[in-house]
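Read the structure below first, then the notes.
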Amino acid sequence: MVAPEGQAPLAQMRKGAIEYCVLALVSDGERYGFELVRELAAADGLVTSEGTVYPLLTRLRREGLVDTVWRESNQGPPRRYYRITPEGRRALDNFVSNWQRFRDAVDHLVATGREP
C-alpha cells in the first residue's frame, strides 16, 4: 500500500492521534500552547510544530472539547491556558477505549503475520 502524496504511515498515524494526545495532556491539568508544543515534541514519534498545535487547539476549543482562560505570566505576555471539558473527557475516554482495541488487533496481526 502506498501512502497518499508523500505522507509516510507514521505521519498518517500521528495526524489521527495528535488531538487525543493534546486532550490527554490537558486532562492532567491546564497547559498553555507552547508548553503543549514542547511536550508533544519531546514524545518519541510525535514530532510536531506550533503550526500544527495552535490550529488544533483552536478547533478543539471551537468544538467544545477544551476551555481556555488567560493568565498573566511572569515571563512575558499573558498566556492562554487550555483545560479539558466534560465533552473533551468523553471524547478522550472513547478514543482510549477504541485505541486499545485497535492497537491490540494490529499488534496481534503483525505478530501473527511475522511468525515463521
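Mind listing whichever residues of segment 26-66 are hydroxyl-bearing (S, T, Y) and out of contact with any helix residue (DSSP H, G or I) (no Cβ under 9 Å at 6 or more places or on another chain)? Within segment 26-66, Y32, T58 meet the criteria.
Taking first residues from segment 55-69 that are under 10 Å from T85 (Cα atoms) and outside any strand (DSSP E or B) and partners that are acidic (D, E) and at pLDDT 95 or above, the Cβ contacts under 7 Å between residues at least 6 apart in sequence or on separate chains come to G64/E87; L65/E87. Among the residues of segment 83-103, none qualifies, meaning not one is modelled with pLDDT under 90 and under 13 Å from the mean Cα position of the chain (by Cα). Look at segment 17-38: where a residue is among the polar types (S, T, N, Q) and a partner is assigned to a helix (DSSP H, G or I) and surrounded by 19 or more Cβ atoms within 10 Å (Cβ to Cβ), sitting 6+ places away or on another chain with Cβ atoms under 8 Å, you get S27/G88; S27/L92.
Being among the aliphatic types (A, V, I, L, M) and under 15 Å from Y82 (Cβ atoms) is the filter here; which residues of segment 7-54 pass it? Correct list: I18, V22, L23, A24, L25, V26, L36, V37, L40, V53.
One residue stands out in segment 38-61 among those that are farther than 20 Å from R89 by Cβ and hydroxyl-bearing (S, T, Y): the one that is surrounded by the most Cβ atoms within 10 Å (Cβ to Cβ), namely T48.
For segment 93-105, the criterion of being over 19 Å from M13 (Cβ atoms) and not hydroxyl-bearing (S, T, Y) is met by at least one residue. Taken over segment 70-111, the criterion of being in a strand (DSSP E or B) and either exposed (fewer than 12 other Cβ atoms within 10 Å of the Cβ) or among the hydroxyl-bearing types (S, T, Y) (or both) is satisfied by W70, R71, E72, S73, G76, P77, P78, Y81, Y82.
The rows are residues; the columns are (1) modelled with pLDDT under 90; (2) farther than 27 Å from R103 by Cα; (3) hydroxyl-bearing (S, T, Y); (4) exposed (fewer than 15 other Cβ atoms within 10 Å of the Cβ).
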| position | (1), (2), (3), (4) |
| --- | --- |
| V2 | yes, no, no, yes |
| V22 | no, no, no, no |
| L36 | no, no, no, no |
| E63 | no, no, no, yes |
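The values are calculated or read from the model by the stated rules, or taken from the named source; none is laboratory data. Predicted, not measured: the structure shown is a model, and the values here were computed from it. When we count neighbours, we look across all protein chains shown, and the Cβ atoms used for this are built from the backbone with ideal geometry, even at glycine.
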